[in-house]
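The values are calculated or read from the model by the stated rules, or taken from the named source; none is laboratory data. All figures in this text were calculated on a predicted structure; none of them were measured in a lab. Quick reminder, even Gly has a Cβ in these numbers, built from the backbone with ideal geometry, and neighbours come from all protein chains shown.
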């Protein structure tokens, strides 16, 4: 249905200290028609990183070509098999020891999106500009936030986190420069206020006062919302109502998490809005990321699920052992089984996010159709600290069916992971002759 008012693509609902971007509406058709890709929604690029390697026995499949039945860890993605692409034999040589000795966890994470070997140090850190930031420098001016950095655990940026490698390497994916990592936002409340607030940092005391008298952020944009709704057609009104309802639900979940944390341990100061439950924390963060994609607040994301080398326990699924110690299983079946359960648990959360992205329409496509989301790890077998044949999949099609999906590609052994990133950079409009240790582009992704 055509609407009665043409809207700029970057329209915001504004109120006291709030600025809420809008999803793609029919009324924005003129603005979309004048964009770089006429009539097309923007393409997003995201990287979801899981730590400590993967149980490769339950990740890899023994064939190439069209995807058949998925292995155990990937099973949660079975309903979305045509929307994923599995990539084999991608390697990060600069994650290996080379001349630096122990420290695979520090190296693998520091090298993951930079393609270079981090300097082994705890003081004068040095890696490289990550591919997400190269893209952000090219396309970031088109969105409110050039990039978003999200995570779920441990924001330490100093000290020794692995055999002489700084915690800056294990706790960050994005690097703005060779010496400046971009720490992920871990707190859902902080992410929410960054996306929809006025950008003013609050002291703990001011935040407490604000929370005491908190209203929904949507209450501050009521007048703008009313004016906009009066000018929209019925289809756009429904889209807007659904979108604002999702924002209100995120607020409700954050408030619940804060109250639940207080009830669990009232004598201990806990971070505002950080759920104790991993799945709930993951969902809150990805719900907000989805809103940011939907409103075109950003097109570039890094998501450090938990920090590299983490010893987090997963009591939610009955595993009290630390994740990292379990990956050094020495082929003991019981420990290997627990690693597989953790890997599958992570994938279950990711699959739920994929489902949500696939459910949100953008014209004749969906947010998932217009995204390239890499899910993977900087180690393959955590027991051996192997850096070859890294577990890697792409969810989404990169717009215009750039990535067909539903297939597995196995490249020549030792093919640099940087080749994939160089190919994705091209798609995002940030073409470069070389990146990291790349040897060329990755062929075949557009084959049906």
| said: Which of the numbered conditions does residue 122 fail, given that it passes all the others? Conditions: (1) part of a loop (DSSP other than H, G, I, E, B); (2) touching a helix residue (DSSP H, G or I) at 6+ places or on another chain (Cβ under 7 Å); (3) over 27 Å from residue 59 (Cβ atoms). | reply: (2)
| message | Looking at 244, 232 in this structure, which one is at pLDDT 75 or above and either assigned to a helix (DSSP H, G or I) or in the same structural domain as residue 136 (by TED's automatic domain parsing) (or both)? | response | 244
| request: Confirm whether residue 150 is surrounded by 17 or more Cβ atoms within 10 Å (Cβ to Cβ), modelled with pLDDT of 95 or more and in a strand (DSSP E or B). | output: yes
| said: Looking only at segment 85-143, count every residue that is closer than 27 Å to residue 292 by Cβ and free of Cβ contacts under 8 Å to residues at least 12 places away in the same chain and tell me the total. | reply: 1
| said: Please verify whether residue 399 is in contact with a helix residue (DSSP H, G or I) (Cβ under 6 Å, 6 or more places away or on another chain) and either in contact (Cβ under 8 Å) with a residue 60 or more places away in the chain or outside any loop (DSSP other than H, G, I, E, B) (or both), treating the condition exactly as stated. | reply: no
| message | Can you find a residue that is within 20 Å of the chain's Cα centre (by Cα), closer than 13 Å to residue 82 by Cβ and not in a strand (DSSP E or B) anywhere in segment 379-391? | response | no
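Out of all the residues in segment 402-416, is one or more within 21 Å of residue 142 (Cβ to Cβ) and in the same structural domain as residue 82 (by TED's automatic domain parsing)?
Yes - at least one qualifying residue is present in segment 402-416.
For segment 332-355, state whether one or more residues are under 30 Å from residue 23 (Cβ atoms), modelled with pLDDT of 95 or more, surrounded by fewer than 18 Cβ atoms within 10 Å (Cβ to Cβ) and under 14 Å from the mean Cα position of the chain (by Cα).
yes
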| request: Taking the options 369, 433, name whichever one is in the same structural domain as residue 323 (by TED's automatic domain parsing), surrounded by fewer than 18 Cβ atoms within 10 Å (Cβ to Cβ) and either assigned to a loop (DSSP other than H, G, I, E, B) or touching a strand residue (DSSP E or B) at 6+ places or on another chain (Cβ under 6 Å) (or both). | output: 433
| request: Report yes if some residue within segment 77-89 is on the phi < 0 side of the Ramachandran plot, part of a loop (DSSP other than H, G, I, E, B) and either at pLDDT 95 or above or assigned by TED's automatic domain parsing to the domain that holds residue 341 (or both); otherwise report no. | output: no
| request: Output the residue which, of all residues in segment 340-366 that are part of a helix (DSSP H, G or I) and out of contact with any helix residue (DSSP H, G or I) (no Cβ under 8 Å at 6 or more places or on another chain), is farthest from residue 60 (Cα to Cα). | output: 359
| request: Answer yes if at least one residue in segment 290-297 is outside the structural domain of residue 137 (by TED's automatic domain parsing), touching a helix residue (DSSP H, G or I) at 6+ places or on another chain (Cβ under 7 Å) and assigned to a loop (DSSP other than H, G, I, E, B), and no otherwise. | output: yes
| query | Would it be correct to say that residue 62 is without any contact (Cβ under 8 Å) to a residue 24 or more places away in the chain and either surrounded by 17 or more Cβ atoms within 10 Å (Cβ to Cβ) or more than 23 Å from the chain's Cα centre (by Cα) (or both)? | reply | yes
| field | Filtered residues of segment 102-139 (kept if over 18 Å from residue 180 (Cα atoms) and either at pLDDT below 95 or buried (at least 17 other Cβ atoms within 10 Å of the Cβ) (or both)) | value | 103, 104, 105, 138, 139
| request: Of all residues in segment 298-326, count the ones that are in contact with a helix residue (DSSP H, G or I) (Cβ under 9 Å, 6 or more places away or on another chain) and in a helix (DSSP H, G or I). | output: 6
